[in-house]
Amino acid sequence: MKLNDEIKNIYGIVEVEVEGFFTERYINLCRINNVSVWDIVTKSNGIIIFKMFAKDFKKLRAINRKTKCKSKILKKKGVYFNYFRYRKRRFVIILVALFLVISIISTKFIWKINVTGNSKISDEQVIDVLRNYGVHIGKCVLGINTRDIVKNLRASLEDATWIGVDIDGVTLDVEIVEKTTAQMEAKYQNGDILTSKAGTISKIVAENGTPISNVGDYIEKDRIVIEGKIYTRTNEILDVEAKGSVFVENEYVFSNTYSYKQFNKKYTGKEKYSIGVDINNKEKYINYLDKSLKYDIIKNSSDIKLFGNTISFCSYKFLIYELEEYYLSKEEIMDMAKSDAKNFLYNDILPNCKDAEVLTEDIEVTYEDEEKISLNVIYKINEEVGYFKGR
Amino acid sequence: MDKKKNKKIFNRINFKKSMNNAKENFIDILNLPKELSGNYSKITMIENNELLIEGETSVVDYYDNYIKIKCSNIFMQIDGYKLKIEELSNIELLVSGSIVNISFQNR
C-alpha cells in the first residue's frame, strides 16, 4: 500500500485491459494525449493491463479507434465508486445531508457557559445575569455582542474588578477577576493617611485628599499627613478616601564595641570520647576531662520514649583546643564593623521598610582606648511610611 | 515553386539545428547538466530493480521480459524478468522488475 496510490484512490482508478496488435503504440498515444497510465503489465502477447484515472477513460476511445485495439475495464477502485454505489439510496443521502446541515447549524448556538476565576461570585449568579440580558444555553451566537455582555455583567456584579467574555465555538467563556478584601474595604471607607514611623518628610504624593504637612517637616509616628478631606471653593468639606504615599528620611544606627585583642581557636588534634544519658533534658555523662584544658563538644544521641519520659543515650566527642591571641589593626576593625553593619542592614532594617533606599553610610568612633574601640555605623534611609486608616 | 518550398523547409531545419547547437554551447560554457538542453535523456538506476528515464521517450516493444525504448538519440533494450512500466508521462518513464541486461543502439 503506497501513499501515492491512496491519494490516487480519492479520484477513482480503473484497471483497463487492452487487446490488439499495436499495444506499444497504444501506450505512446496515451502519453501523447496526456492520459496518465501506470503499472503497465503485459498479460500475454498483445494484451496489456494498466491503471488510469476514471476521468480519462473516455479519452481512450479515440486511441482505440486509431490503434484498432479493444479496451475493457477490469476493476474499479476509489472513493468515487464507493459513494456512486449508494447514489440511488435517496433516504441515506438525505439523512447524511440533514446530519451535516444540523451539525453545521448547531455550531452557531451556545451549548455551554464556562465561568472561571470566581470564588465569591457563584456560577448561578453569573448565569442569572446573563439570562436576564438574554444570553442562555441554546441562544444563537449570531448577533451577540460580547462588549455589551461585559458591560451588563460589570453593572450587575459589583464584586468583580474585571470581566472578560469570549465565544469559543459553542462555549461562552466568562472570566472574572474578583476584588480583594482590601479593595472592598477601601471602596466604602473614608479616612486619612498616617505615618507608621517618625522621621523627616522627604516626599508627599497626594493622589486624593489634602496634605497637611510639608516636605522637610519632622513628623512623629501615627500622625496624619494626608487628610481625607477636600475643601471646595465654596468652603464645603467633602470626606474622601485619602490616597497617596509619604516618604520620610530616617537614621538607623548600628553600634558595637570591638577589642583589639582577639582569640583564635587552635585545635591540638587530640580527642576524647565519653557516653552519657539524658533524661528529660537532664544530662549526665562520664566526666574524666582535665579542667585546665578547653574542649569543643560534639554530641550524638538517640531517643527513647518511656512512660511519658524521654530518655536519650548520648555519645560525646571532645575536641581539645588552645586559644591563640592576635591583634587587629584599627582599619581591620573598621572593615569588620562595616560588614557587621551591612548584615544588620539587610537582615533587620530593610525587611521592615517599604520602598527603602539607602542614601548615606557613615562610620564614627564614639569611644577609643588601648584595648577597645566603640563604633557607630549610621545609615540614612528614605522609606515609604504612609498607611491608610479609616474613620 | 517546388524548389522554393524545399529551400524554405531546408532553411527551417538549418535554423532549428543552429538553435540546438547554440543551446548546447551555452550549456557547455556554463557547465550546466547536459539533460537541460532537452536533446539528451537521463538514465537513473536503482540496483537492477528500477530504471528511470528522464526526457522524451516512447515505447517501441513491450513484453514481459523485454522492453525496447526510444530515447532522444538512442534505442535502449532492456532484458529481464517481470518487467513492468510503473509510470509513464511526458517527461519520464519508470521501469521496474529484475533487469538483467541493458543494451544501446544508435538511431
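Table for the structure above
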{"read-out": "Net dipole in debye of chain A [+1 Lys, Arg Cβ; -1 Asp, Glu Cβ; about Cα centre; nearest 20]", "value": "6360 debye"}
{"read-out": "Region B:41-106, relative contact order in percent, only Cα pairs under 8 angstrom and at least six apart counted", "value": "32 percent"}
{"read-out": "Gain in span if fully extended, A:Asn9 to A:Asn214, counting 0.36 nm per residue against the direct Cα distance", "value": "65.0 nm"}
{"read-out": "Residues A:Lys151 and A:Lys294, FRET efficiency given R0 of 60 Å [Cβ-Cβ distance, rounded to 0.05]", "value": "0.15"}
{"read-out": "Förster radius 35 Å - calculated FRET efficiency between A:Lys66 and B:Asn48 (Cβ-Cβ, nearest 0.05)", "value": "0.50"}
{"read-out": "Separation in nanometres of the label points that stand 7 Å from Cα toward Cβ, at A:Lys317 and A:Ile102", "value": "8.2 nm"}
{"read-out": "Peptides ranked, highest mean first, by Cβ atoms within 10 Å: ranges A:366-374, B:67-75, A:235-243", "value": "B:67-75, A:235-243, A:366-374"}
{"read-out": "Cα lying deepest toward the dipole's positive end in chain B, options B:Phe104, B:Ile13, B:Ser41, charges on Cβ", "value": "B:Ile13"}
{"read-out": "Region B:41-106, dipole about Cα centre (Lys/Arg Cβ +1, Asp/Glu Cβ -1), debye to the nearest 20", "value": "160 debye"}
{"read-out": "Gained length - A:Glu17 relative to A:Thr200, 0.36 nm times residue gap less alpha-carbon distance", "value": "55.3 nm"}
{"read-out": "Cross-link partners of A:Lys291 among aspartates and glutamates (Cα-Cα below 15 Å; sequence separation of 8 or more within a chain)", "value": "A:Glu271, A:Glu322"}
{"read-out": "Gap separating the Cα centres of region A:39-115 and region B:1-54, nearest whole Å", "value": "42 Å"}
{"read-out": "Environment charge at A:Ala160 (Cβ cut-off 11 Å; Lys +1, Arg +1, Asp -1, Glu -1)", "value": "-1"}
{"read-out": "Positive-pole candidate from A:Ile149, A:Tyr260, B:Leu94, dipole of the protein assembly as shown, charges at beta carbon", "value": "B:Leu94"}
{"read-out": "Choice from A:Thr161, A:Thr234, A:Thr195 with maximal GNM fluctuation in chain A (Cα, 10 Å cutoff)", "value": "A:Thr234"}
{"read-out": "Chain A: calculated mean residue ellipticity at 222 nm from DSSP helix runs of at least 4, using -39500 (n - 2.57)", "value": "-7000 deg cm²/dmol"}
{"read-out": "Nearest-0.05 FRET efficiency for A:Arg131 and A:Arg89, computed from C-beta distance (R0 35 Å)", "value": "0.20"}
{"read-out": "Computed lengthening from A:Glu361 to A:Lys59, 0.36 nm per intervening residue step minus Cα-Cα distance", "value": "98.9 nm"}
{"read-out": "Per-residue average of Cβ from other chains inside 10 Å of A:20-30", "value": "3"}
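No lab work stands behind these numbers, since they all come straight from the coordinates. As the structure is a computational prediction, the values presented were derived from the model and not from experiment. Using ideal geometry, Cβ is built from the backbone for each residue, glycine included, and neighbour counts are taken over all protein chains shown.
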